[in-house]
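The values are calculated or read from the model by the stated rules, or taken from the named source; none is laboratory data. Note that the coordinates shown come from a computational prediction; the quantities given were computed from them, not determined experimentally. Counting neighbours? That spans all protein chains shown, and the Cβs are built from the backbone with ideal geometry, glycine included.
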Amino acid sequence: MSGIAFILAGTLAAATPLLLAALGEMVVERSGVLNLGLEGMMALGAALGFIVVFLTGNHALGFLVAGLGGAVLSLVFASLVLGFVANQVAAGLGVGLLGLGLSSLVGKAYESRTVPGLPRLHLPGLSDLPLVGPLLTQDIVVWLSLVLALGLWAVLAHSKAGLVVRAVGENPHAARALGFPVIAIRCGAIAFGGTLAGLAGAYASTVYTPLWADGMIAGRGWIALALVVFGTWATGRIVFGALLFGALSLGELSAQAAGVGLPSQVLASLPYAVTILMLAVISSDRRRMRRTAIASLGQPFEP
Amino acid sequence: MRLALIRRDTAARGAMIAAPAVALVLTILCSLVLFAVLGKPAGTALYALLLEPFLSWYSFSEVLLKMAPLCLIAQGLAIGFRANVFNIGAEGQLVIGAIAASALPVWYPDGTSALMLPAMLLLGGLGGMAWGAIAAGFRTRFNANEILVTLMLALIAAQVLNYLLLGPWKDPAGFNFPQSVLFPDAALLPILLPGTRVNVSLLLALAASGLAWVVMRHRFSGYQLLVGGMAPRAAAYAGFSERRAIWISLLVGGLAAGLAGAAEVAGPLGQLQRSVSTGYGYSAIIVAYLGGLNPLGIVLSSFLVSALFIGGDNAMVSAGLPVAAVWVFQSLLLVFYLGGLAFLRYRLVVMHRPAQSVP
């Protein structure tokens, strides 16, 4: 496969874990809560999903358990920040470290094991097209993630439920005065975000690189957090950002394979450096940030 | 009937002591269940984790040894956390500090100068500061969130360390292990307690704690920093600046982490190796919060978390518990503590009437 075709074929799969996690976090942040535990929730989902697929060979079951694991961990976070009005940064970091610790604890016995991934769906006609053929030949989860993005965009931008979530994030006190259950809505958003983080982890460990290694999430949860800022809390731009990072990681892989004269560590640092630069470019437009940022983000809500 | 948290008029001092104690008890109970579920001997594991570190002089001295970097880094981080500047990449600042300090003994492996060690500590501190300064610059110049930038810089620092240890700084006589040459005696910190590995970095950590306490409680600059971060607008009216709070927080945090990194390579490690980065920078976040972001509290919490690390080493041998268990234990501690902290500011009230009557 030529370099371009390789990148085209792999970009969507590489983008999927980032996309799922970032879409979930977007909803959480739209409701006014900052969940810094994303990395840990992805790691726990990755470990649980891998173990289930390894033992049963059933990917659907693996994704289910991973999503549940992410949701349960996110509810621990929710009870801290909503029930006990804890500092969101501290609670997110604490729960994130808990997720990382749990993932390496339960995954210990499965270190370096592998499972079969998911087959890529051959779309009659489309998959045989020149150039875009490989791009259109993807596994089922990739397609479902894109459908989810479309659905989220429709719900957030064009439905009453989306409007309520956004209202809670912009001004929780006004939303409460209007009779909306702020705490319950935020709790639902957090659980949704946790579920998607768990699924994102499971995709990384059972489909994208179907093996378990401690620390395999490797900062993808943090990149997803940055993607939400980069996408200015809008679905379309977050999809674009995730694809950009997917292409970048594929470019890194093919550069490594082609043996460019750079040490592999430089290539491995690339996504992190790009994240920093991307954040700087987006955030430096302070006026735009003030317009798009979620007003109550990170603020504790006391009725 | 339902439960509600009602804000107290004044903070409950009792909850400040009770929260960590209750958190410890809940964490122990939770871990007992978790270890049992994983099929580990839970009783043996907890005995090793919590009691064994105090049962022999050697284990206890190891607790003091590990406490030094945790305490030092957490003191630096707490300054920022109190001012709402969240440097979560101390791990990276520690690694860069360790690398900067190692440059001298790596380039002069036969050095005997008495200036070598002070110069290493200076370089280590400056290295950590420089890594923190990048984040401060991105935050103040480009408004880029320091939480994400410090973390990304930590991931990059890990790659820099890998590059040096697999490439230019690898010990040619080291059987291809990813580690540098062994440092000469002139590059090693003096031992504080004879017969143990405890070195003078413990004094450094305690001195930093004292300094942090004095600045926080008795100096106007400590107050300015607090306000600059917590209420930037109010601070701006009063002439204190948010920008300054960001720079000071990240520079001091980086300095402390960089010094800790230098003290690790010049202390127990005696060379630059991958194990310089075992997560002290992340653990120090837990230490800082468990200590209530208070300089004296941090001395106690760093002692506790250090004992957990030593106990974890024991539990690995006696109960087959992976190191990850120590991370689960400390993060559970933080989770329960953050929950308990609510009772510092709120009272739990049982409401008998329907919720509608609450304003």
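When you scan region A:257-266, do you find a residue that is hydrophobic (A, V, I, L, M, F, W, C) and crowded, with 21+ Cβ neighbours inside 10 Å, even just one? No. If you go through region B:260-275 and keep only what is assigned to a helix (DSSP H, G or I) and surrounded by 24 or more Cβ atoms within 10 Å (Cβ to Cβ), you end up with B:Ala260, B:Gly261, B:Ala262, B:Ala263, B:Glu264, B:Val265, B:Ala266. Contact map, region B:318-347: first residue facing chain A (nearest Cβ under 7 Å), second residue modelled with pLDDT under 90 and in a helix (DSSP H, G or I), Cβ cut-off under 6 Å, separation 6 or more or different chains; pairs are B:Leu341/B:Ala19.
Report yes if B:Ile88 is outside any helix (DSSP H, G or I) and crowded, with 24+ Cβ neighbours inside 10 Å, otherwise no. Judged against the criteria, B:Ile88 is a match.
Return the pairs, sorted by first residue and then second, in which the second residue is not in a helix (DSSP H, G or I), the first residue lies in region B:7-25 and is small (Gly, Ala, Ser), the beta carbons are less than 7 Å apart, and the residues are 6+ apart or on different chains. What qualifies is B:Ala19/B:Leu341. Against the numbered list (1) assigned to a helix (DSSP H, G or I); (2) more than 14 Å from every other protein chain (Cβ to nearest Cβ), A:Val260 comes up short only at (1). Looking only at residues of region B:12-56 that are surrounded by fewer than 16 Cβ atoms within 10 Å (Cβ to Cβ) and within 12 Å of chain A (Cβ to nearest Cβ), we find that the one that is farthest from B:Phe329 (Cα to Cα) is B:Gly39. Scanning region A:37-83 for residues that are in contact with a Ser or Thr (Cβ under 8 Å, 6 or more places away or on another chain) and of a type in the set (Ser, Thr, Tyr) yields a single hit, A:Ser74. The criterion of at least 1 residues that are in contact (Cβ under 8 Å) with a residue 24 or more places away in the chain and closer than 26 Å to A:Val53 by Cα is met by the following helices (runs of 4 or more DSSP H) wholly inside region A:150-226: A:182-203. Scan region A:271-296 for residues that are touching an Asp or Glu at 6+ places or on another chain (Cβ under 6 Å) and either within 11 Å of chain B (Cβ to nearest Cβ) or of a type outside the set (Gly, Ala, Ser) (or both) and the total you get is 1.
Against the test of being within 14 Å of chain B (Cβ to nearest Cβ), at negative phi, part of a helix (DSSP H, G or I) and of a type in the set (A, V, I, L, M, F, W, C), the options A:Leu75, A:Leu68, A:Leu61 yield a single qualifying residue, A:Leu75. Considering region B:91-117 alone, what residues qualify as being out of contact with any helix residue (DSSP H, G or I) (no Cβ under 8 Å at 6 or more places or on another chain) and either within 15 Å of B:Glu146 (Cα to Cα) or assigned to a helix (DSSP H, G or I) (or both)? B:Val106, B:Trp107 - these are the residues of region B:91-117 that are out of contact with any helix residue (DSSP H, G or I) (no Cβ under 8 Å at 6 or more places or on another chain) and either within 15 Å of B:Glu146 (Cα to Cα) or assigned to a helix (DSSP H, G or I) (or both). Here A:Ala15 meets the list (1) in contact with a Ser or Thr (Cβ under 9 Å, 6 or more places away or on another chain); (2) aliphatic (A, V, I, L, M); (3) at pLDDT below 95 almost entirely, failing just condition (3). If you check B:Ser302 against the conditions, is it more than 11 Å from chain A (Cβ to nearest Cβ), out of contact with any Pro (no Cβ under 6 Å at 6 or more places or on another chain) and in a helix (DSSP H, G or I)? Considered against the rule, which asks whether it is more than 11 Å from chain A (Cβ to nearest Cβ), out of contact with any Pro (no Cβ under 6 Å at 6 or more places or on another chain) and in a helix (DSSP H, G or I), B:Ser302 comes out as yes. Restricted to region B:118-144, and to residues there that are among the aliphatic types (A, V, I, L, M) and surrounded by fewer than 23 Cβ atoms within 10 Å (Cβ to Cβ), the residue that is nearest to the other protein chains (Cβ to nearest Cβ) is B:Ile134.
What do you reckon, is B:Ile147 facing chain A (nearest Cβ under 10 Å), part of a helix (DSSP H, G or I) and without any contact (Cβ under 8 Å) to a residue 60 or more places away in the chain? Considered against the rule, which asks whether it is facing chain A (nearest Cβ under 10 Å), part of a helix (DSSP H, G or I) and without any contact (Cβ under 8 Å) to a residue 60 or more places away in the chain, B:Ile147 comes out as no.
The set of residues from region A:214-251 being of a type in the set (Val, Ile, Thr) and within 14 Å of another protein chain (Cβ to nearest Cβ) comprises A:Ile217, A:Ile223, A:Val228, A:Val229, A:Thr232.
With the condition kept exactly as written, say whether any residue in region B:95-103 is surrounded by fewer than 19 Cβ atoms within 10 Å (Cβ to Cβ) and more than 25 Å from B:Tyr282 (Cα to Cα). No, there is no match, as no residue in region B:95-103 is surrounded by fewer than 19 Cβ atoms within 10 Å (Cβ to Cβ) and more than 25 Å from B:Tyr282 (Cα to Cα).
In region A:90-111, the residues that are more than 7 Å from every other protein chain (Cβ to nearest Cβ) reach residues that are of a type in the set (S, T, N, Q) with C-beta atoms within less than 6 angstrom, at least six apart or across chains, in these pairs: A:Gly92/A:Asn35.
Among the residues of region B:171-180, those that are buried (at least 19 other Cβ atoms within 10 Å of the Cβ) and either free of Cβ contacts under 8 Å to residues at least 40 places away in the same chain or under 28 Å from the mean Cα position of the chain (by Cα) (or both) comprise B:Gln179, B:Ser180.
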